[in-house]
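Each reported figure results from applying straightforward, stated rules to the coordinates on display, with no laboratory input. Small disclaimer: the values here were computed from a predicted structure and weren't measured. Reconstructed Cβ throughout: ideal geometry from the backbone, glycine too, with neighbour counts over all protein chains shown.
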Amino acid sequence: AQNVKILSTGRYVPDRVLTNYDLEKMVDTSDEWITQRTGIKERRIVDGTTSTTDLAVRAAKNAMDKAGILPDDIDLVIVATVTPEMFFPSTACLVQKELKLKNAFAFDISAACSGFIYAMAIATHFIQNGFCKNALVIGADALSRITNWSDRSTCVLFGDGAGAAILSSSDEQGILGFELGSDGENGLLLYCHAFGLSDVTYSQVKENPNFRKIYMEGNEVYKFAVKIMPYAVEEVLEKVGLSSSDIDVFIPHQANIRIIESAAKRLKIPMEKVFVNLHKYGNTSAASIPIALDEAVEEGRIKKGDKVVLVGFGGGLTWASTVIKW
Ligand code: ACO
């Protein structure tokens, strides 16, 4: 099979900052509570006219500029998102139009916070078997659009943004393996309704303004997360024949510092090896891992030859991990 490398990464977050102090004015909460329970200090929020596609396009352009790749050379676009502004066309087709990626086929996938790694896995397999050469993989979400801004137990957690990577066929080893999993049985611990279901009527939506917003049983999702993150890392490391001491940098989904610290502890990984930026952005869903990856590269935390683990969990329920030789 062809080797697959990450040629470049990119990101985009909106300018508007929403701090914990701003949230104190919106719901009964405090900077102290949010900081202690989650580690989040502020998040970025889209304005009224910015769509998930706009976020995705900017992150994608950033990654394409860094790779120096031409639009004609991209032959696959996958966007992982749970906040598309349309059911169809897909966000990926809207990105294709904006960036004039006329030789690509394009589609979205829905795997919430695990979405970027799921999309990477799909692109990697297409490239490995020779079906395409250069894939643009994007994680983009504007969770603020489906956040229930009167629910203090969820609205303090989320933010908006997008991250992207160009995956290409290569002579060198790059992406070494994946672990992907789902637990649909427990999916309704964390959900957001769509329109079009037989049980969703216009009047239901009209009567309840929070109807099409995020619902989460935080404690249950927390228990799932602290169990599944170490599991997903151990599984993928076993598949590729490495142990956690071989890994230089861990990039976990940026949901909650307590979840990350607990997973690191169970895996006996020192926090110095773990990249954290959730204090700045909160949980940006599918964008969280690629934004963190791009920042880690930019800050020089990831160097050529390093082994990097990405790991995520989220709605579905889903989980995903991958090992990359940089
Ligand atoms: N400010 C102040 N108090 C609050 C707030 C808030 N923002 N939110 C909840 N509380 C209160 C609760 O009402 C509760 O009060 P009570 O004891 O009087 O009932 C108390 O704080 C403790 O609440 P818990 O829910 O037990 O707090 P916990 O320590 O579990 O933290 C949290 C809650 C942060 C949501 C945690 O459960 C968590 O991080 N869960 C996982 C969430 C997650 O990572 N989801 C990712 C899914 S990603 C995706 O796919 C979109």
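Key figures
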{"quantity": "Segment 93-118 - residue that is within 16 Å of the ligand (Cβ to nearest atom) and polar (S, T, N, Q) and, of those, farthest from residue 52 (Cα to Cα)", "calculated": "114"}
{"quantity": "Residues located in segment 158-184, provided they are within 16 Å of the ligand (Cβ to nearest atom) and surrounded by fewer than 22 Cβ atoms within 10 Å (Cβ to Cβ)", "calculated": "180, 181, 182, 183, 184"}
{"quantity": "Residue in segment 76-88 that is free of Cβ contacts under 8 Å to residues at least 24 places away in the same chain and either of a type in the set (A, V, I, L, M, F, W, C) or touching a His at 6+ places or on another chain (Cβ under 9 Å) (or both) present", "calculated": "yes"}
{"quantity": "Any hit, segment 119-138, residues being under 20 Å from residue 292 (Cβ atoms) and within 12 Å of the ligand (Cβ to nearest atom)", "calculated": "no"}
{"quantity": "Every residue from segment 296-318 that is farther than 23 Å from residue 182 by Cβ and in a loop (DSSP other than H, G, I, E, B)", "calculated": "299, 300, 301, 302, 303, 304, 305, 306"}
{"quantity": "Only listed residue being crowded, with 18+ Cβ neighbours inside 10 Å and under 19 Å from the mean Cα position of the chain (by Cα), chosen from 269, 247, 257", "calculated": "257"}
{"quantity": "Subset of segment 1-39 that is basic (Lys, Arg) and assigned to a strand (DSSP E or B) - its residue that is surrounded by the most Cβ atoms within 10 Å (Cβ to Cβ)", "calculated": "11"}
{"quantity": "Residue count for segment 272-301, restricted to those that are surrounded by 22 or more Cβ atoms within 10 Å (Cβ to Cβ), in contact with a helix residue (DSSP H, G or I) (Cβ under 8 Å, 6 or more places away or on another chain) and among the aliphatic types (A, V, I, L, M)", "calculated": "5"}
{"quantity": "Every residue from segment 14-27 that is aliphatic (A, V, I, L, M) and either within 19 Å of residue 278 (Cα to Cα) or more than 13 Å from the ligand (Cβ to nearest atom) (or both)", "calculated": "17, 18, 23"}
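Residue-by-condition table, conditions (1) of a type in the set (Ser, Thr, Tyr); (2) more than 13 Å from the ligand (Cβ to nearest atom):
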position	(1), (2)
29	yes, no
37	no, no
54	no, yes
86	no, yes
91	yes, yes
